[in-house]
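K.L.:
One structure coming up, written as structure tokens, with questions to follow.
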Amino acid sequence: MNDTHEQLILVVTASYMGAVGFGELFGCEISRVLAGTIDEFRLRLSILPSDKDTLKFISEHLHPDEIEIGFTVNRKDEPYSLSPISGFVDKSRTSWKIEFVREPKK
């Protein structure tokens, strides 16, 4: 279950999956959970074209590099498994919007 107290911080490795109509998709393996809870081991991260800095950062830090991504809850009861946001939709249909991306602290 997700802690919907609104913040989730994950360390992931990202691999490029391709483009969809509203953006770019990355498959992310979750390495560590730094804040919040999630009961998934991987997620499909979408990045909108308007999020150029986020797209550039992730593209420059693909697997095997790790990146830290912070999310906040965007919406509950998403009707689709992909939502046109920079973020992801979890198994419980909650969409999570990216708040930041950075290199993990060592």
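K.L.:
So how do 97-104, 43-50 stack up, highest first, on mean other-Cβ count within 10 Å? If you can, show how the numbers build up before the last one.
P.N.:
Values: 97-104: 15.2, 43-50: 18.4.
Descending mean neighbour count gives 43-50, 97-104.
K.L.:
Go ahead and set up a Gaussian network model of the chain, Cα springs under 10 Å, then flag whichever of 68, 24, 40 fluctuates most.
P.N.:
Maximum fluctuation in the GNM of the chain, among the listed residues, is at 40.
K.L.:
Can you give the FRET efficiency for residue 81 and residue 102, using 1/(1 + (r/R0)^6), R0 = 22 Å, r = Cβ-Cβ distance, to the nearest 0.05? Intermediate values should be presented prior to the final figure.
P.N.:
Details: r = 27 Å, r/R0 = 1.21.
Working from the Cβ atoms, E equals 0.25.
K.L.:
Could you check how many percent of all C-alpha pairs in the range 1-81 are farther apart than 17 Å?
P.N.:
Details: 1555 of 3240 pairs.
Tail of P(r) above 17 Å: 48 percent of Cα pairs.
Computed from the coordinates by the stated procedures, all read-outs in this text should not be read as laboratory data. Note that the structure is predicted; figures quoted are calculated from it, not measured. Please note: Cβ atoms are built from the backbone with ideal geometry, for glycine as well, and neighbour counts cover all protein chains shown.
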